[in-house]
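Written below as structure tokens is the structure these notes are about.
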Amino acid sequence: MNFLVTAGPTREPIDPVRFVSNRSTGRMGYAVAEAALAAGHAVRLVSGPVELPPPSPGIALVRVTTAADMLAAVKDNLPWCDWLVMAAAVADWRPARCAPLKLKKSDGPPQIAWEPTPDILRTIAPLKRPGQRFCGFAAETDHLARNARAKLRAKHLDAIAANDVSLPDRGFASAQNAITLYLADGKKFSIPLASKIQCAKTLIEALEKVGTT
Ligand code: C5P
């Protein structure tokens, strides 16, 4: 199958030298891309700015910076994929405009007007073709199951990989993770605490089975 994977944060510019972003390292998405390649799939990886070594040569890498860039790259590659796995931590808000010149500290704290970034999964949902499947990620600090299932429905997903980011030993900026995979048909699948590499391998195995049983 063809796997399109997104990873890492996005950066939304405030001025030519400043941006707003989040703590995503991209490790989970890179691990998903590597696990898909190791399982024999063709893989394209759309990556926000990360400090990771480049992925294996077999993975086609598309580097992006902002949520708008990521949306464009996902749209470009969407017709090609059988599975889209959105592991990226897309920034939720961005400054409504990027100041053309560096904001001066001497001018005091800036008043920044914010606007939502495009929700990539919601935007592309109408473009989904028959047989194509989408998996999202949900990083939650509370009510994991309820919030994940709500996102599964709202974003028209086939699966959502939910992880609890309130715990210090997993999730954001950690080398390990524990995932509960919720499927659109109501099934649930637990991937216990393990390295992100191992979680990604188990996740790919679970996604390969979606729709086959
Ligand atoms: O709503 P929330 O950000 O928690 O949803 C997480 C899922 O939605 C992830 O799969 C993420 O990649 C995706 N997402 C998106 N576009 C956004 C924000 C999140 O596709 N602007």
Listed residues 17, 50, 85, most fluctuating in the chain (Gaussian network, C-alpha, under 10 Å)
17
Quick one: helix 144-154 against the long Cα principal axis of the chain, what's the angle to the nearest 10°, folded into 0 to 90?
90 degrees
Put +1 on the Cβ of every Lys and Arg and -1 on every Asp and Glu Cβ in the chain; which of 154, 207, 191 then has its Cα farthest towards the positive end of the dipole?
154
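Got a sec? What order do 197, 120 fall in by accessible area at 1.4 Å, biggest, i.e. largest, first?
Values: 197 120, 120 5 Å².
So the residues, ranked largest to smallest area, are 197, 120.
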Which one of 72, 200, 88 has the biggest mean-square fluctuation once the chain is modelled by GNM with Cα springs under 10 Å?
72
Restricting to Cα atoms and excluding each atom paired with itself, what does the Kirkwood estimate give for region 77-140 in Å?
14.9 Å
Karplus couplings for region 88-97 from phi (6.51 cos²θ - 1.76 cosθ + 1.60, θ = phi - 60°), rounded to Hz, Gly and Pro as x?
5, 9, 5, 4, 7, 10, 9, x, 4, 9
Can you tell me the 0 to 90 degree angle between the C-alpha axis of helix 67-77 and the longest principal axis of the chain, rounded to 10?
40 degrees
Fraction of alpha-carbon pairs in the chain farther than 32 Å apart, rounded to whole percent, equals 16 percent
Using amide H atoms built in the peptide plane, which far-off residues or other-chain residues are under 5 Å from residue 174 H to H?
none
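Provide the per residue accessible area, probe 1.4 Å, for region 143-205, rounded to a whole number of square angstrom.
Numbers: 3120 Å² over 63 residues.
I get 50 Å² per residue for this part.
Let me know the charge dipole size of the chain about its Cα centre in debye, to the nearest 20, where only the beta-carbon of Lys, Arg (+1) and Asp, Glu (-1) is charged.
220 debye
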In whole angstrom, note down how far apart the Cα centers of region 118-147 and region 28-88 are.
16 Å
Using only helices, what value at 222 nm comes out for the chain when you add -39,500 (n - 2.57) per DSSP H run of length 4 or more and divide by the total residues, to the nearest 500 deg cm²/dmol?
-7500 deg cm²/dmol
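The values are calculated or read from the model by the stated rules, or taken from the named source; none is laboratory data. Fair warning: this is a prediction, and the values are worked out from it, not measured in the lab. Using ideal geometry, Cβ is built from the backbone for each residue, glycine included, and neighbour counts are taken over all protein chains shown. Surface accessibility is based on the protein's heavy atoms, side chains included, excluding ligands, DNA and RNA. Shrake-Rupley method; radii C 1.70, N 1.55, O 1.52, S 1.80 Å.
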